[in-house]
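Report on the structure given below.
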Amino acid sequence: MARSTDLKPDEDGHGEPMARFHSYLHGGTSSLVSTLPTLVVFPVYKTVFRQQIHNTPVHQAVGQLYKEGPVKLYRGVAPPLLMRTLNGTLLFGLQDTIHHHLSKSPQNVIPASVLPALAGFGAGIVEAAVFTPFERVQNVLQNGQNDRQLPSLKSVLVRLKAQRMSSGFYRAFLPIAARNALGSSLYFGLKGPVCAVVAGQGLSPVASSFISGTLTSMAISLTLYPLSVLVANMQAQVGAEVKGVLPCWRLLWRSRRRSLALLYRGGSLVVLRSCITWGITTAIYDLQKK
């Protein structure tokens with residue numbers, strides 16, 4: 001990631017706020033462009049979601065979506081589209097802002113090589129606090145079992161608003177915070193070194209950034225995929241008995257017959273989707289920064 005300090009402030013320091021603003025703007029722009037592949041691969045995401053919830057093979061999940069028809073295929077697409085754009089704005093902008101303030105600390109307190117990952121961790125926590133309600137609504141909408149009871153976005157919002165925050169909009173906040181914080185930390189900590197290695201092979205800066213984003217997102221998706229499965233199962237239902245993170249994890253692990261292969265069912269599709277979106281996002285963001 002290009003450091004924000006590369007954008008030189010003027011002598012009286014007024015350039016620093018503008019540098020921070022550019023990070024938010026570039027993050028939002030790159031994520032907005034990457035929402036186009038999100039539209040294309042949304043059926044893939046929905047297939048993965050069905051596998052996560054119902055533990056079905058891919059052909060059965062596709063069959064379920066086919067029977068429901070094209071009208072319901074894109075039910076639940078609005079939250080991820082809005083979330084992707086806002087997510088990039090907040091994630092890249094906050095990471096750059098936190099990184100800027102951390103870089104002012106003495107070198108012997110926080111090593112410079114650790115700063116991007118540490119700033120990413122902090123940005124991931126804030127990201128989880130802001131976007132957990134979006135993910136909650138999205139998962140409720142994508143669960144076909146809720147179609148009769150909650151047929152519209154408005155009905156979902158009304159039902160969740162009537163519940164306590166911990167069981168309504170902020171259901172599964174802890175695993176989301178852990179997933180986002182660790183994922184953001186790994187992304188910002190790894191993408192720079194990986195990009196440097198790829199660029200050393202003679203590839204163009206754009207290609208290097210794209211491959212860096214792809215490889216980094218692949219590693220993150222595979223590592224943190226079980227947390228995404230846990231979140232999907234915790235958030236998909238409304239009005240059911242509310243259980244904590246550990247009981248839900250035990251229930252999920254038993255339902256997968258204590259098999260990592262079943263727990264990772266649909267993981268290959270997640271990697272495909274993540275590689276496309278984060279490869280494009282990284283390439284566009286780095287291009288704008290340079």
Completion exercise
So the helices (runs of 4 or more DSSP H) completely within the range 144-259 holding 3 or more residues that are touching a helix residue (DSSP H, G or I) at 6+ places or on another chain (Cβ under 8 Å) and open to solvent by less than 10 Å² (accessible area, probe 1.4 Å) are 173-199, 205-235
Exercise for the section: Return yes or no: is residue 93 of a type in the set (Gly, Ala, Ser), open to solvent by less than 10 Å² (accessible area, probe 1.4 Å) and more than 29 Å from residue 264 (Cβ to Cβ)? Expected result: yes
Problem - Complete set of residues in the range 121-134 that are open to solvent by less than 20 Å² (accessible area, probe 1.4 Å) and aliphatic (A, V, I, L, M) - result: 123, 128
Handout entry: Residue under evaluation residue 238, criteria (1) β-branched (Val, Ile, Thr); (2) within 21 Å of the chain's Cα centre (by Cα); (3) under 28 Å from residue 144 (Cα atoms), criterion not met
Key = (2)
Handout entry: Residue within the range 103-120 that is free of Cβ contacts under 8 Å to residues at least 12 places away in the same chain, open to solvent by 30 Å² or more (accessible area, probe 1.4 Å) and either in contact with a Phe, Trp or Tyr (Cβ under 9 Å, 6 or more places away or on another chain) or among the charged types (D, E, K, R) (or both) present
Key = yes
Practice task
Might you check whether a residue that is in a helix (DSSP H, G or I) and either farther than 17 Å from residue 87 by Cα or without any contact (Cβ under 8 Å) to a residue 24 or more places away in the chain (or both) occurs anywhere in the range 121-132?
Solution key: no
Handout entry: Pair list, Cβ under 9 Å, 6 or more apart: the range 224-249 residue in contact (Cβ under 8 Å) with a residue 24 or more places away in the chain and more than 14 Å from residue 262 (Cα to Cα), other residue crowded, with 16+ Cβ neighbours inside 10 Å and aromatic (Phe, Trp, Tyr)
Key = 232/49; 236/49
Exercise for the section: For the range 76-88, name all the residues that are open to solvent by 40 Å² or more (accessible area, probe 1.4 Å) and either modelled with pLDDT of 75 or more or over 21 Å from the mean Cα position of the chain (by Cα) (or both). Expected result: 86
Practice task
Find the residue count for the range 260-289, including only residues that are open to solvent by less than 40 Å² (accessible area, probe 1.4 Å) and not in a helix (DSSP H, G or I).
Solution key: 1
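The values are calculated or read from the model by the stated rules, or taken from the named source; none is laboratory data. Computed from a predicted model, the values in this text were never measured in an experiment. Glycine also receives a Cβ, built like all others from the backbone with ideal geometry; neighbour counts cover every protein chain displayed. Only protein heavy atoms, including side chains, enter the accessible area calculation; ligands, DNA and RNA are left aside. Shrake-Rupley method; radii C 1.70, N 1.55, O 1.52, S 1.80 Å.
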